[in-house]
Amino acid sequence: GFFRIVFGAEFHVSGRVDRIRKYDQPVRVYADSRAKPDRRKQVAAVVDDIRSKVRHLDIAMVDDRKDANVTVTLVRDRDIEKTIRQFYGREQGDKIMKSLEPQCLSGFKKDELFRIQHSDIIIAVDAGDFIFYDCVYEEVLQSLGPINDDDKLPWTMFNDDVQMGFFDIYDQYLLNLLYDPRIRAGMSKTQVKELLPKILPDVRAWITKANGLKE
């Protein structure tokens with residue numbers, strides 16, 4: 001599951017997708033509310049939840065756009081298509097709409113070492129509470145690196161046939177593996193495969209503690 005989601009890309013624009021992509025700096029999130037209802041508090045609650053569940057991820061909200069490397073743009077559902085075209089241009093926006101038919105979308109820019117530099121997220125605020133939370137969790141998490149979707153994995157939100165609206169245990173494993181400091185941006189599948197047996201026991205212990213599970 002980790003290899004299916006962390007490598008590859010649901011919508012491939014440019015560059016290699018056969019390397020680990022992640023932030024190697026603190027992640028700061030700015031919410032740009034352009035529609036009613038104003039859901040910035042809900043975005044902040046999701047970010048807090050993610051921070052509490054991913055051990056080595058430094059993520060928090062900021063009040064100023066210039067301090068952010070993740071921007072969440074909150075719009076009306078009917079404005080999703082227009083906003084995507086504003087962000088990506090008409091030609092690329094048309095390809096995204098045809099390929100994904102999204103109610104929400106995330107993407108990121110990385111440097112030559114596969115370190116993510118900035119992420120943009122677009123989410124509809126008026127499509128209902130469940131869809132909103134499902135979108136916020138999935139898009140914020142995808143903006144951190146696991147950008148692929150796979151319909152063969154029934155346990156993950158990174159599957160277009162699965163809707164959750166919360167940060168489940170399986171996806172906590174994926175993000176905690178990705179953000180373990182031993183997994184570095186630019187690593188290949190072979191390099192990661194050698195490390196996972198050493199990392200997984202630590203991740204399992206953390207997730208057990210963070211969720212109050214039994215040993």
(request) Just one of (1) farther than 16 Å from residue 5 by Cα; (2) touching a helix residue (DSSP H, G or I) at 6+ places or on another chain (Cβ under 9 Å); (3) exposed (fewer than 15 other Cβ atoms within 10 Å of the Cβ) trips up residue 160, so point out which. (result) (1)
(request) State whether one or more residues within segment 56-68 are assigned to a helix (DSSP H, G or I), touching a helix residue (DSSP H, G or I) at 6+ places or on another chain (Cβ under 9 Å) and surrounded by fewer than 19 Cβ atoms within 10 Å (Cβ to Cβ). (result) no
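Give segment 42-52 a look and list any residue that's over 12 Å from residue 144 (Cβ atoms) and not hydroxyl-bearing (Ser, Thr, Tyr), or say none. Working first, answer last.
Initially, segment 42-52 is screened for residues over 12 Å from residue 144 (Cβ atoms), giving 42-46, 48-49, 52.
Selection gives 42, 43, 44, 45, 46, 48, 49.
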(request) Taking residue 94 as meeting all but one of (1) without any contact (Cβ under 8 Å) to a residue 24 or more places away in the chain; (2) among the charged types (D, E, K, R); (3) assigned to a strand (DSSP E or B), write down the number of the exception. (result) (3)
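I'd like the full set of residues that are part of a loop (DSSP other than H, G, I, E, B) and loosely packed, with under 15 Cβ neighbours inside 10 Å, limited to segment 169-207.
Let us first name the residues in segment 169-207 that are part of a loop (DSSP other than H, G, I, E, B), namely 179-188.
Passing the criteria: 181, 182, 188.
Which residue out of 50, 20 is modelled with pLDDT of 95 or more, under 30 Å from residue 188 (Cβ atoms) and not in a loop (DSSP other than H, G, I, E, B)? Show your work before the answer.
Numbers: 20 fails: not in a loop (DSSP other than H, G, I, E, B).
Exactly one of 50, 20 is modelled with pLDDT of 95 or more, under 30 Å from residue 188 (Cβ atoms) and not in a loop (DSSP other than H, G, I, E, B), namely 50.
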(request) Output yes when any residue across segment 102-116 is part of a helix (DSSP H, G or I) and surrounded by fewer than 17 Cβ atoms within 10 Å (Cβ to Cβ), and no when none is. (result) no
(request) Take segment 26-53 and flag every residue that is in contact (Cβ under 8 Å) with a residue 60 or more places away in the chain, under 25 Å from residue 114 (Cβ atoms) and open to solvent by 10 Å² or more (accessible area, probe 1.4 Å). (result) 53
(request) Inspect segment 121-128 for any residue being in contact (Cβ under 8 Å) with a residue 40 or more places away in the chain and under 30 Å from residue 205 (Cα atoms) and give the result as yes or no. (result) no
(message) Taking the criterion of being aromatic (Phe, Trp, Tyr), under 19 Å from residue 24 (Cβ atoms) and open to solvent by less than 70 Å² (accessible area, probe 1.4 Å), would at least one residue in segment 127-136 satisfy it?
(response) no
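Regarding residue 144, is this residue assigned to a loop (DSSP other than H, G, I, E, B), modelled with pLDDT of 95 or more, surrounded by 18 or more Cβ atoms within 10 Å (Cβ to Cβ) and in contact with a Lys or Arg (Cβ under 9 Å, 6 or more places away or on another chain)? Steps first, answer last, please.
On the way: assigned to a loop (DSSP other than H, G, I, E, B): yes; modelled with pLDDT of 95 or more: yes; surrounded by 18 or more Cβ atoms within 10 Å (Cβ to Cβ): yes; in contact with a Lys or Arg (Cβ under 9 Å, 6 or more places away or on another chain): yes.
Against the criterion (assigned to a loop (DSSP other than H, G, I, E, B), modelled with pLDDT of 95 or more, surrounded by 18 or more Cβ atoms within 10 Å (Cβ to Cβ) and in contact with a Lys or Arg (Cβ under 9 Å, 6 or more places away or on another chain)), residue 144 qualifies.
The values are calculated or read from the model by the stated rules, or taken from the named source; none is laboratory data. Remember, predicted model here, so these are calculated numbers, not experimental data. Here Cβ is always computed from backbone atoms with ideal geometry, including for glycine, and neighbour counts include all displayed protein chains. In case anyone asks, the SASA skips ligands and DNA or RNA and just uses the protein heavy atoms, side chains included. Shrake-Rupley method; radii C 1.70, N 1.55, O 1.52, S 1.80 Å.
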